[in-house]
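Scroll down for the structure; my scribbles are underneath it.
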Amino acid sequence: MKNEIQVNGEKKTEDELKDQLYQQPNTNILGYRLRLNLYNMAKQNADSSYRAWLERKPGRHEHLRRLLSEKQVQRLGKSFLVSGLSSFLKRVGEPPVVVDPYRVRKSANRLSAYYYKKGFFRNKVGYSIDTLEGKKAQVTYNIITGRPYIIDTLTAFIETPALDSLYNLSKTESMVKPGKQYNETDFAGERERLTTYFRNRGAYRFQQNFIRYIIDTVTSPYKANVDLVIDNETIRRGDSTTVRPFKLYKISSVNIHIKNPSAEGQPIDTVRYKGFNLISPGRLNYRPKAITDAVFLSPGSPFADFRRTLTLRYVNNLKVFFYPSIQFVEDTTDVSGSSLITNIYLNPRKKYRFNVTADFTHSNIQDFGIQGSLGLSIRNIFRGAEILDLSTRGNIGSSRDLAIQDKSFFNVSEYGADAKLSFPRIFFPFKTDRIISKEMIPSSLLSLGVSRQRNIGLDKENFTGILSYNWSPRRNSRVTARYDLFNIQYIRNVNAGAFFRVYESSYNRLNDIARANQAQVNPAYFDQDNNLTIGDGGTDGFIADVQSGNITLNEEDKKNVNSIEERRQRLTENNLIFSSNFTYTTSTRQNLTDNTFFIFKTKLETAGNTLGLLSSLTNNNNRSASGNLTFLDVEYSQYAKVELDLIKHFDLRRGTVLAMRAFGGIAIPYGNSNSIPFARSYFAGGSNDNRAWQSYRLGPGRTGGRNDFNEANLKLAYSAELRFNLFGKMNGAIFGDLGNIWNVLDEVDDPNFTFNGFSSFKDLALGTGFGLRYDFSFFVVRFDVGFKTYNPGRPENDRWLKEYNFSNAVLNVGINYPF
């Protein structure tokens, strides 16, 4: 069937209107009704068909009974091949939608009610059912809205003087205003606004159902006179009922009850701190300030519902208690009856928690790997709700990489340890309350880590230290900010001499140049297979001879040798990165089932400025062989980095979602650096990027990914993905990924690598493909197949669809959605 809605003679396709209809057409995927066709493939009466098949030929039933037994014959009829397949197809498929006149009539009534709520009180809805070819039908709904009713006057009748005064202070913010078209949504919104407004100003007992409207549409044609009525509070005690004005309450006292399972039965310990009463069996295990900082319902303050919500959020954010409970009771010692006693109940989590994980992995480096971690969390370690996390991690794997000389099965490994200490406040020597108030729920994280690799790349040692601050600039927790005061990373390449064994593409290019000019090259540089040996007596000697002029090459070959040497020096040098960064994230996502939202994230980072200032203040002039300043005999990186990341989801209804992501990032070296450290540069390709290319295999620019691990300092990316349900928990997707990386404002000047203005947009690579996803509720397993649709690495007139086949496709396996 097909639905068509016409409003005042104009065809309408809004989803909000379609949602009013009780009967919808069968779902489709780009016009193909997959679930309907699956349903039609099933036998409608598989059991009856099987029994008819048994009796169709004389002796068939008896023959099978003698061969299998009667019980097996009956069981065969219920097997997957006979009836189970049909049951499965019916279950995952979708029966055809048959036009039901009763439901059509209900849909018409619902459309009428929809427009009535929008102020079209005299609307008329008719419908017609037209038959089409192929046993199909079209239902057309014709709606004549008529003139809408406009709000003429709004009069408030509020019996409680205190509420009346509050209302008059905020009535300019009312969602129901004279001159505005009548809309029931505005009335519901105004009820919610007033309830929140009153409860945040002391009206503890006020609820939405105390607000009612009287609407008069008789006095004036197409005009509505609205009376907003709020009666006094009704109190029921037993069988009697009394009426009194609403009271605006204040908090007279706050009692914080902290459960202590290890001290049950011991005398109650009560600590009074800044007007708060902290009550605990036995000795109080927390510093009072750590608890009271999380409570916004202070003694003497007016009752405000948002302070209750804020307290719940802050206490829960401490992660040392289970979700708290807050109760209010009237203070009987207050003769005015307008005071509340606040009781907060906190149930501590276990002080110690052990974490053990294990997993199997696969990557570009490892064919097979086993990784695991062992961790210990200690809550409230310094009695200030701090949490100390200690963990060790390790990974052993098998790799067939030719650069790895160890041929045992488990020939690569990585291990490390981390220590993280979190504070539920800003950890800083000076007070920061005026900048970041406690209403922003601030926290601090101090993290130290060390790791070591073996037979992975250049066998790096990695040392990290981070002090970061997190807070919510607004009451809305969906807006977050993070500032890393310092983010220190020291990377030491233990096996720098293995560069040409690890980066084979660089070696192959160098070897080809040497063999092409073999007459000038020292024969001792070659092995018995006429290839350059790796080390001082081969690759290093050849490069040195080229750069000293002992070997004369053409300009192109000399440029390539210098480029290879620059890359080797950059990737084998030890890196000291002393950076600070600020990240601001805003999101409109309500929950995990929300399919209409956006997330915007921006990040600013600078590195090396602190060490540069320190060098100038101390007159430090220690320099490396390349002439750059050093700190502890290591060149430090200096750069500025900016990133913008936008994710937007559109709910197309009925299980279909359009998801998009746009990313742009640039890192510019300056001062003590002429390039970006490999660890902070950008790469393209992979399961969460352009899925038609493997990680590090795309770019830079139009170079075609000639290196083993391609990276650069500018990245642009855009992805769009149409997600839809196939059947049950199996979902599908069709996607397109556009993007690339380039070098810009650094040491690279080859136009094939660099971004050269608008002309470089033709270097954007396009990958398209499809995917399958199975939803396990708590995570999603994802399979995506990407095809190179436009490859900028190919000759300019040979880029479109030349590798659009399964032999050049890339299979991506991932957990959860790419964005």
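The values are calculated or read from the model by the stated rules, or taken from the named source; none is laboratory data. Everything numeric here is computed off the predicted structure, so don't read it as measured data. All Cβ positions, glycine included, derive from the backbone under ideal geometry; neighbour counts span all protein chains shown.
Looking at this structure, is GLN181 within 24 Å of LEU111 (Cα to Cα), out of contact with any Phe, Trp or Tyr (no Cβ under 6 Å at 6 or more places or on another chain) and either surrounded by fewer than 17 Cβ atoms within 10 Å (Cβ to Cβ) or among the acidic types (Asp, Glu) (or both)?
Judged against the criteria, GLN181 is a match.
Just one of the listed residues (LEU194, LEU154, LEU228) is under 26 Å from LYS250 (Cα atoms) and surrounded by 16 or more Cβ atoms within 10 Å (Cβ to Cβ), namely LEU194.
Checked against (1) modelled with pLDDT of 95 or more; (2) assigned to a loop (DSSP other than H, G, I, E, B), PRO221 passes all but a single condition, namely (1).
Within this structure, ASP594 fails the test of being in the same structural domain as GLU504 (by TED's automatic domain parsing) and either buried (at least 16 other Cβ atoms within 10 Å of the Cβ) or within 27 Å of the chain's Cα centre (by Cα) (or both). Those strands (runs of 3 or more DSSP E) of the stretch 616-729 in which 1 or more residues are of a type in the set (S, T, N, Q) and surrounded by 18 or more Cβ atoms within 10 Å (Cβ to Cβ) occupy 714-727. Scanning the stretch 463-485 for residues that are modelled with pLDDT of 95 or more and farther than 19 Å from ASP433 by Cα yields PHE463, THR464, GLY465, ILE466. Restricting attention to the stretch 1-20, the residues that are more than 18 Å from TYR116 (Cβ to Cβ), in a strand (DSSP E or B) and without any contact (Cβ under 8 Å) to a residue 60 or more places away in the chain total 2.
Filtered by the rule that a residue be part of a helix (DSSP H, G or I) and either on the phi > 0 side of the Ramachandran plot or surrounded by 14 or more Cβ atoms within 10 Å (Cβ to Cβ) (or both), the stretch 756-776 gives GLY757, SER760, ASP763.
Please go through the stretch 28-49 and give me each residue that is assigned to a loop (DSSP other than H, G, I, E, B) and either touching a Phe, Trp or Tyr at 6+ places or on another chain (Cβ under 6 Å) or surrounded by 17 or more Cβ atoms within 10 Å (Cβ to Cβ) (or both), ordered by number. Correct list: ARG33, ALA42.
This table checks each residue for (1) touching a residue at least 40 places away in the same chain (Cβ under 8 Å); (2) under 26 Å from the mean Cα position of the chain (by Cα); (3) closer than 21 Å to GLY686 by Cβ.
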site: PHE779; (1), (2), (3): no, yes, yes
site: ASP784; (1), (2), (3): yes, yes, yes
site: LYS802; (1), (2), (3): no, no, no
site: ASN812; (1), (2), (3): yes, yes, yes
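A Cβ distance below 6 Å, combined with a sequence gap of six or more or placement on separate chains, defines the contacts here; from the stretch 581-598, residues that are farther than 30 Å from GLN489 by Cβ reach residues that are not in a strand (DSSP E or B) in the pairs PHE597/THR588; PHE597/ARG589; PHE598/THR588. Considering every residue within the stretch 69-83, establish whether at least one is more than 46 Å from the chain's Cα centre (by Cα), modelled with pLDDT of 90 or more and either surrounded by 12 or more Cβ atoms within 10 Å (Cβ to Cβ) or outside any helix (DSSP H, G or I) (or both). Among the residues of the stretch 69-83, not one is more than 46 Å from the chain's Cα centre (by Cα), modelled with pLDDT of 90 or more and either surrounded by 12 or more Cβ atoms within 10 Å (Cβ to Cβ) or outside any helix (DSSP H, G or I) (or both), which makes the answer no.
This table checks each residue for (1) outside any loop (DSSP other than H, G, I, E, B); (2) modelled with pLDDT under 90; (3) surrounded by fewer than 16 Cβ atoms within 10 Å (Cβ to Cβ); (4) of a type outside the set (Phe, Trp, Tyr).
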{"residue": "SER373", "(1), (2), (3), (4)": "yes, no, no, yes"}
{"residue": "SER377", "(1), (2), (3), (4)": "yes, no, no, yes"}
{"residue": "ILE381", "(1), (2), (3), (4)": "no, no, yes, yes"}
{"residue": "GLY384", "(1), (2), (3), (4)": "no, no, no, yes"}
{"residue": "LEU390", "(1), (2), (3), (4)": "yes, no, yes, yes"}
{"residue": "GLY397", "(1), (2), (3), (4)": "yes, yes, no, yes"}
{"residue": "ASP401", "(1), (2), (3), (4)": "no, yes, no, yes"}
{"residue": "ASP406", "(1), (2), (3), (4)": "no, yes, yes, yes"}
{"residue": "PHE409", "(1), (2), (3), (4)": "no, yes, yes, no"}
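Taking the criterion of being assigned to a loop (DSSP other than H, G, I, E, B), among the charged types (D, E, K, R), under 26 Å from ASN8 (Cβ atoms) and out of contact with any helix residue (DSSP H, G or I) (no Cβ under 8 Å at 6 or more places or on another chain), would at least one residue in the stretch 173-186 satisfy it? Taking every residue of the stretch 173-186 in turn, at least one turns out to be assigned to a loop (DSSP other than H, G, I, E, B), among the charged types (D, E, K, R), under 26 Å from ASN8 (Cβ atoms) and out of contact with any helix residue (DSSP H, G or I) (no Cβ under 8 Å at 6 or more places or on another chain).
In the set PHE296, PHE246, only one residue is closer than 30 Å to VAL320 by Cβ, in contact (Cβ under 8 Å) with a residue 12 or more places away in the chain, aromatic (Phe, Trp, Tyr) and outside any helix (DSSP H, G or I); that residue is PHE296.
Take the conditions (1) crowded, with 16+ Cβ neighbours inside 10 Å; (2) modelled with pLDDT of 90 or more; GLU573 misses just one of them, which is (2).
Note on the stretch 117-142: residues that are within 19 Å of GLU16 (Cβ to Cβ), assigned to a loop (DSSP other than H, G, I, E, B) and without any contact (Cβ under 8 Å) to a residue 24 or more places away in the chain amount to 1.
Out of ALA137, ALA162, report the one residue that is among the hydrophobic types (A, V, I, L, M, F, W, C) and more than 30 Å from VAL229 (Cβ to Cβ).
On the way: ALA162 fails: more than 30 Å from VAL229 (Cβ to Cβ).
Every option except ALA137 fails the conditions.
Mind listing whichever residues of the stretch 319-368 are assigned to a loop (DSSP other than H, G, I, E, B), over 28 Å from ILE258 (Cα atoms) and not assigned by TED's automatic domain parsing to the domain that holds ASP305? HIS362, SER363, ASN364, ILE365, GLN366, ASP367, listed by residue number. Residue count for the stretch 730-744 satisfying the condition of being buried (at least 18 other Cβ atoms within 10 Å of the Cβ) and either out of contact with any Ser or Thr (no Cβ under 9 Å at 6 or more places or on another chain) or without any contact (Cβ under 8 Å) to a residue 24 or more places away in the chain (or both): 2. Quick check, is TYR774 in contact with a Phe, Trp or Tyr (Cβ under 7 Å, 6 or more places away or on another chain) and of a type outside the set (Lys, Arg)? Criteria not met by TYR774.
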